[in-house]
Amino acid sequence: MASMLLNTLRTCGLSPSWAARIGPRALSTTTQLQAQVQTKSKKTLARPGVKNIVLVEGVRTPFLMSGTTYADLMPHDLARAALQNLLKRTALPKDAVDYIIYGTVIQEVKTSNVAREAALGAGFSNKIPAHTVTMACISSNQAMTSGVGLIAAGQCDAIVAGGVEFMSDVPIRHSRKMRKTMLSLNKAKTLDQKLSLIGTITPSHFSPELPAVAEFSTAETMGHSADRLAAAFSVSRLEQDQFALRSHSLAKKAQDEGLLEDVISFKVPDRDIVSKDNGIRPSSMEQMAKLKPAFIKPHGTVTAANSSFLTDGASAVLIMSEDKALSMGFKPKAYLRDFVYVSQDPKDQLLLGPTYATPKVLERAGLSLSDIDVFEYHEAFASQILANLKAMDSDWFAQTYMGRKSKVGTPPLEKLNLWGGSLSLGHPFGATGCRLVTTAAHRLKKEGGQYGLVAACAAGGQGHAMLVEAYPQ
């Protein structure tokens, strides 16, 4: 499929000037944007007989590059910090929540149900059930929508959802041969049996098994897939570097202007107080051009500079039925509306989840792309998000691969990820979804918009999209 895409997309009339669109004019200030985007008088997405479900609050720890200040912690430490600060910001009674759901990808074996351990550590009532979900990079999206489902079904009124990822200390296993030998040693009853088993150990037994950001079904790393996707959609190295620089520049601006209000201050034991993401590093096109390809060498276009980095971090959101939130005196941030999950070929369409999810969620709500005021799309790689934008702008792709009559269109860069994205803020796999939704809600309020659209790709060829509606001010 990749070669077919490459040949066809080059001639399908896609806009060739992506680099120009990503340039300085896309870095409009929040003040300029507010002048352009006034509060809309569109229809509400509320439906008769369907509960309104609201986002009350969202927080996250600072997202830090793995191996830095959080290096000596454990995942539940970060999740606990997020939960404690959610309680602090909302003044929520610790027994007022009905259920807690957390997402994570690479699990710490000592705390396999990290939701429960973090909740207990944060001081929530031990009577509140908690469970952990995993769905690759959309794990906290799944945590949130699972909570929405519980509220919509009348099972709960108040849910805490979140996600955590800790890449500073991932599980490294002994080889399969060594594990089998060690288990057999544990069962051996006599000294002779134990010595006999020990005698079978060879140097190859000591080769460890390292976790890899790779597809089990294809054995291909996500970076390698991103590089192939760039080639298939004719996304150049220049375009990728420009988009990455845009992400870092916008994130730095948002950070300096105090717009990232979901970020909490966290006192790391025996270390400093952390209050800012540490991966935001605007560089220059010249410096970025010096980096060598990271995955397909020597001719690949995906580099460390135009990829998201391994990140430690946690997020948490408080979701309630509107009636419950108002009865407790809360002023919600946004309504959580329609959402969809999609899945496609994990080999050639691994990272195209947003392309498939966006038109589906718009159709469910009866909206078009032009109705959306705020777009928050996950940036796994610059090549990935640019390939999605090109796919969404292609009638040929929509007809050939999606069974649609026409393209959905491309989100305007003037509305896309204006406070930075995963390339710059960081991407703790299990925590990014809550960041996207909280940021969309905050941007809607700041920019005077009504509808926000969140979308993300995930390993396994999966994807997610959700519509967020501004709460009346």
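Between GLU363 and GLN155, what is the spin-label point distance in nm, taking each point 7 Å from the Cα along the Cα→C-beta axis?
The modelled label-to-label distance comes out at 2.8 nm.
Any idea how far apart LYS177 and LYS445 come out in nm if each label point goes 7 Å out from Cα toward Cβ?
That separation, rounded to one decimal, is 5.9 nm.
Taking each pair of different alpha-carbon atoms in segment 175-278 once, compute 1/r for the pair, average those values, and report the inverse of that mean as the Kirkwood hydrodynamic radius in Å to one decimal. List each step's numbers first, then the result.
Working: mean 1/r = 0.0504 Å⁻¹.
Hydrodynamic radius (Kirkwood, Cα only) of segment 175-278 equals 19.8 Å.
Below 18 Å, Cα to Cα, which aspartates and glutamates can LYS297 reach? Residues fewer than 8 away in the same chain don't count.
GLU220, ASP227, ASP241
State the three equivalent ellipsoid semi-axes of segment 312-373, derived from the C-alpha gyration tensor as the square roots of 5 times its eigenvalues, in descending order and whole Å.
Listed largest to smallest, the semi-axes of segment 312-373 are 30, 18, 10 Å.
Among the listed pairs LYS331/LYS445; LYS42/LYS407; LYS94/LYS127; LYS390/LYS446, give every one whose C-alpha distance is greater than 19 Å. Walk me through the numbers on the way to the answer.
Working: LYS331/LYS445 13 Å; LYS42/LYS407 23 Å; LYS94/LYS127 10 Å; LYS390/LYS446 28 Å.
Over 19 Å Cα-Cα: LYS42/LYS407; LYS390/LYS446.
In deg cm²/dmol, rounded to 500, what helix-only [θ] at 222 nm does the chain give when every DSSP H run of at least 4 residues adds -39500 (n - 2.57) and the total is split over its residues? Please report the intermediate quantities before stating the final value.
On the way: 17 runs with 171 residues, N = 473.
For the chain, the value works out to -10500 deg cm²/dmol.
Relative to the present Cα-Cα distance, how much length would full extension add between LYS42 and ASN278 at 0.36 nm per residue of separation?
81.1 nm
Consider just the alpha-carbon atoms of the chain and return their Rg together with their Dmax, both in angstrom.
Over the chain's Cα set, Rg and Dmax evaluate to 22.9, 82 Å.
For the chain, what % of the accessible area comes from carbon and sulfur atoms, probe 1.4 Å?
Ligands and nucleic acids excluded, carbon and sulfur give 54 percent.
When only Cα pairs under 8 Å and 6 or more residues apart are kept, what is the percent relative contact order across the chain?
Averaging sequence separation for qualifying contacts and normalising by length gives 27 percent for the chain.
List the residues of segment 167-187 whose backbone N lies under 13 Å from a point placed 7 Å from the Cα of ILE201 along the Cα-to-Cβ direction.
Label zone hits: 174-175, 177-186.
In nm, what is the difference between 0.36 nm times the number of residues separating GLU414 and LYS88 and their Cα-Cα distance?
113.9 nm
Can you check what the Kirkwood hydrodynamic radius comes to for segment 201-360, Cα pairs only, in Å to one decimal? Kindly include the intermediate steps, with their values, before the conclusion.
Working: mean 1/r = 0.0499 Å⁻¹.
Its Kirkwood hydrodynamic radius stands at 20.1 Å.
When only alpha-carbon atoms count, how far does segment 39-127 stretch along each of its three principal axes, as whole angstroms with the largest first?
That works out to 50, 33, 25 Å along the principal axes.
The values are calculated or read from the model by the stated rules, or taken from the named source; none is laboratory data. The structure displayed is predicted, hence computed values, not measured ones. Note that we place each Cβ from the backbone using ideal geometry, even for glycine, and neighbour counts take in every protein chain shown. With ligands, DNA and RNA removed, areas are computed over all heavy atoms of the protein, side chains included. Shrake-Rupley method; radii C 1.70, N 1.55, O 1.52, S 1.80 Å.
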